[in-house]
């Protein structure tokens, strides 16, 4: 066997879809976890400075934000290990499908392992779809806040009822309804929108939302590649040699 044939055979056993999904998942999770963690920190500062200063409820909110940050640490570790396992499983199934090592061989444990990864990836994708939807909420809130600020700026020279244009954090469930003041209005809101903290928080949430979208695409890619490989694996197992471990 020449060097060219050997290279072609090795390249044929690479799971390109799983490799792409792994790189995309690493990038998406890193973006979501890193930017999400910092965005939560900046959100805590904004709320403390402008929306609410009551000690009991604010302490509860601070603990909730801290718990979410711990969850982010766990997500980063879990996805790192899980993506490595999916990539390894992709190499196994692709090698079997491409018959890289000669006669096709499939073990009962190997097929069970592939089935487990498929089901688990489907479950994780459904859960992550909910995370993706939740990550859009702060982007929506801050976008509304920025839009309100632009409206106030445009009307500042022609209208005297600017204090009726407000941003209420309580209606989004960020703060309890008894929080005081819970909202900011008029030029005070404009001043908040012009701070560096607001711009940084907005950009971080957008980046975290982008990372969540990239992770969701990676999970969907994993679902398609693992399902396809398993289907071909089952088809070939009826024609090849099937062994039990």
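The values are calculated or read from the model by the stated rules, or taken from the named source; none is laboratory data. Owing to the predicted nature of the structure, the values given are computational and were not obtained by experimental measurement. FYI the Cβ positions are ideal-geometry reconstructions off the backbone, even for glycines, and counts take in every protein chain you see.
Condition test on residue 142, is it touching a residue at least 12 places away in the same chain (Cβ under 8 Å), in a loop (DSSP other than H, G, I, E, B) and surrounded by 15 or more Cβ atoms within 10 Å (Cβ to Cβ)? Judged against the criteria, residue 142 is not a match.
Against the list (1) at pLDDT below 85; (2) over 22 Å from residue 181 (Cα atoms); (3) touching a helix residue (DSSP H, G or I) at 6+ places or on another chain (Cβ under 7 Å), the condition residue 162 fails is (2). Scanning segment 145-159 for residues that are in contact with a helix residue (DSSP H, G or I) (Cβ under 7 Å, 6 or more places away or on another chain) and modelled with pLDDT under 80 turns up 153, 155, 156. Output the residue which, of all residues in segment 102-112 that are part of a helix (DSSP H, G or I) and surrounded by 15 or more Cβ atoms within 10 Å (Cβ to Cβ), is modelled with the highest pLDDT. For segment 102-112, the residue satisfying everything is 111.
Residues considered: 39, 62. Of these, the only one that is under 29 Å from residue 198 (Cα atoms) and modelled with pLDDT of 90 or more is 39. Residue pairs whose Cβ atoms lie under 7 Å apart, sitting 6 or more positions apart in sequence or on different chains, and linking a residue in segment 209-231 that is touching a residue at least 24 places away in the same chain (Cβ under 8 Å) to a partner that is buried (at least 22 other Cβ atoms within 10 Å of the Cβ) and outside any helix (DSSP H, G or I), are 225/15.
Quick check, is residue 169 under 22 Å from residue 38 (Cβ atoms), modelled with pLDDT under 85, over 21 Å from the mean Cα position of the chain (by Cα) and surrounded by 17 or more Cβ atoms within 10 Å (Cβ to Cβ)? For residue 169, the condition - under 22 Å from residue 38 (Cβ atoms), modelled with pLDDT under 85, over 21 Å from the mean Cα position of the chain (by Cα) and surrounded by 17 or more Cβ atoms within 10 Å (Cβ to Cβ) - is met. Count of segment 16-36 residues, restricted to those that are surrounded by fewer than 18 Cβ atoms within 10 Å (Cβ to Cβ) and closer than 13 Å to residue 138 by Cα, is 0.
I'd like to check something: does segment 220-231 contain any residue that is surrounded by 14 or more Cβ atoms within 10 Å (Cβ to Cβ) and at pLDDT 90 or above? Taking every residue of segment 220-231 in turn, at least one turns out to be surrounded by 14 or more Cβ atoms within 10 Å (Cβ to Cβ) and at pLDDT 90 or above.
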